[in-house]
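Below is one structure, written out as structure tokens; the observations come after it.
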Amino acid sequence: GYDADYLHEQTYTETMLISDAFNKMLGRMKVLDDSRNEFVSNVSHELKTPLTSMKVLADSLLIQKDVPAELYKEFMGDLSEEIERENKIINDLLSLVKMDKTANTLNIKSENMNVLIEKILKRLRPIAATRNIELVLESFRPVTAEIDEMKMSLALTNLVENAIKYNKDDGWVHVSLNADHKNCYIEVADSGIGIPEGAIEHVFERFYRVDKSHSREIGGTGLGLAIARSAVVMHRGAVRVYSQVDAGTTFTVRIPLTYVS
Ligand code: ADP
């Protein structure tokens with residue numbers, strides 16, 4: 001009869017809606033699962049690279065008889081470098097995972113941004129000095145912002161470290177701090193090698209490096225910018241990049257002065 005048909009139709013429609021929603025959820029879970037799988041596979045690959053070198057170095061010492069002291073020392077030095085690399089990757093990974101895990105537990109306090117940035121620059125100046133790179137802060141006014149000091153420091157440190165790493169000898173890094181009534185703006189500009197146009201959209205991806213061997217040589221892991229962006233986004237801010245090959249790169253960070261959870 002009429003009622004039964006109507007009921008059937010209604011149940012049918014509801015079932016379709018539920019199955020639609022279910023399919024959508026499955027689709028979303030698959031995207032999450034795929035990206036997790038990709039991450040795990042990337043991590044494994046990155047961790048294996050130094051391990052492979054370590055194995056080759058150790059094996060070649062093992063199969064040789066009467067290794068000259070000089071050679072032994074050289075190989076051990078290389079081995080030590082690879083261990084250092086592995087350590088750096090693991091530390092960066094831990095930072096990244098910690099960011100994700102504590103996304104809802106920011107330790108927000110009112111901080112003087114001028115002091116915070118000057119502290120970071122002070123720590124990095126000796127490194128910049130080894131290549132005669134000038135590191136200056138231009139702050140236009142005192143700025144106080146509600147931030148998680150540790151996480152914001154890590155983000156800004158990564159940006160300034162990059163500005164030094166991908167710079168030229170005798171170059172400069174200008175950090176500027178500004179604010180309006182709503183936001184704090186931090187700019188990290190360098191006179192470095194720049195980023196090719198096609199690469200710009202990828203630099204925040206985990207493990208992405210424009211020049212793998214160059215980054216490896218200077219001790220990069222490809223995680224620095226992923227960590228930085230994660231920290232800025234947690235503060236409801238945004239980070240952007242502008243670059244020109246051979247001229248330099250500018251990263252801009254905007255974070256709200258007042259944290260809104
Ligand atoms: P890495 O550990 O390799 O430095 P990041 O995630 O910090 O990894 O950066 C990703 C890549 O973006 C780097 O390998 C480098 O190619 C490029 N990059 C980052 N910052 C700069 C910069 N200031 N100038 C030029 N290239 C940069």
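Worth pointing out:
- Converting phi to 3J(HN,Hα) with the Karplus coefficients 6.51, -1.76 and 1.60 and the offset θ = phi - 60°, region 212-218 yields 4, 6, 5, 4, 4, 4, 8 Hz in sequence order, with x at every glycine or proline.
- Gaussian network model of the chain, springs between alpha carbon atoms under 10 Å - residue of Val31, Val241, Val136 with greatest fluctuation: Val31
- Treating each Cα of region 39-105 as one equal point scatterer and applying the Debye formula with no solvent, the log10 of I(q)/I(0) at q = 0.23, 0.26 Å⁻¹ comes out as -0.95, -1.08.
- Heavy-atom accessible surface of region 1-84: percent carbon and sulfur, 1.4 Å: 62
- Percentage of interatomic Cα-Cα distances in region 168-227 larger than 16 Å: 62
- The calculated FRET efficiency for the pair Arg236 and Ser19, based on their C-beta separation and a Förster distance of 45 Å, comes to about 0.80.
- Of Met113, Met150, Met76, the residue with the largest accessible area leads and the full order is Met150, Met76, Met113 (1.4 Å probe).
- Among Tyr208, Tyr72, Tyr242, the residue with the largest mean-square fluctuation in a Gaussian network model of the chain, with springs joining Cα atoms closer than 10 Å, is Tyr72.
- Among the listed pairs Lys48/Lys119; Lys151/Lys182; Lys182/Lys212; Lys88/Lys182; Lys122/Lys168; Lys48/Lys98, a Cα-Cα separation exceeding 30 Å is found for Lys48/Lys119; Lys182/Lys212; Lys88/Lys182.
- Linear extension gain, Ala58 paired with His45, 0.36 nm per residue minus alpha-carbon span: 2.7 nm
- Of the accessible area of region 148-218, computed with a 1.4 Å probe over protein heavy atoms only, carbon and sulfur atoms account for 51 percent.
- Rolling a 1.4 angstrom probe over the protein heavy atoms with all chains in place gives the chain an accessible area of 62 Å² per residue.
- Distance from region 102-180 to region 1-67 (C-alpha centre basis), Å: 36
- Cα convex hull of region 1-141, projected area averaged across orientations, nm²: 19.5
- Amide H contacts under 5 Å for Thr144: Met113, restricted to partners 5 or more places along the chain or on a different chain, H placed in the peptide plane at 1.01 Å from N.
- Rg and Dmax of the chain, both derived from C-alpha coordinates alone, stand at 24.6, 97 Å.
- Extension gain, Glu118 back to Lys65 (0.36 nm per residue minus Cα-Cα distance, nm): 13.7 nm
The values are calculated or read from the model by the stated rules, or taken from the named source; none is laboratory data. Because the structure is predicted, anything quoted here is derived from the model rather than measured. A quick note on method: Cβ atoms are made from the backbone with ideal geometry, for glycine too, and the neighbour counts reach across all protein chains shown. Note: accessible area is taken over every heavy atom of the protein model, side chains too, but ligands, DNA and RNA are not part of it. Shrake-Rupley method; radii C 1.70, N 1.55, O 1.52, S 1.80 Å.
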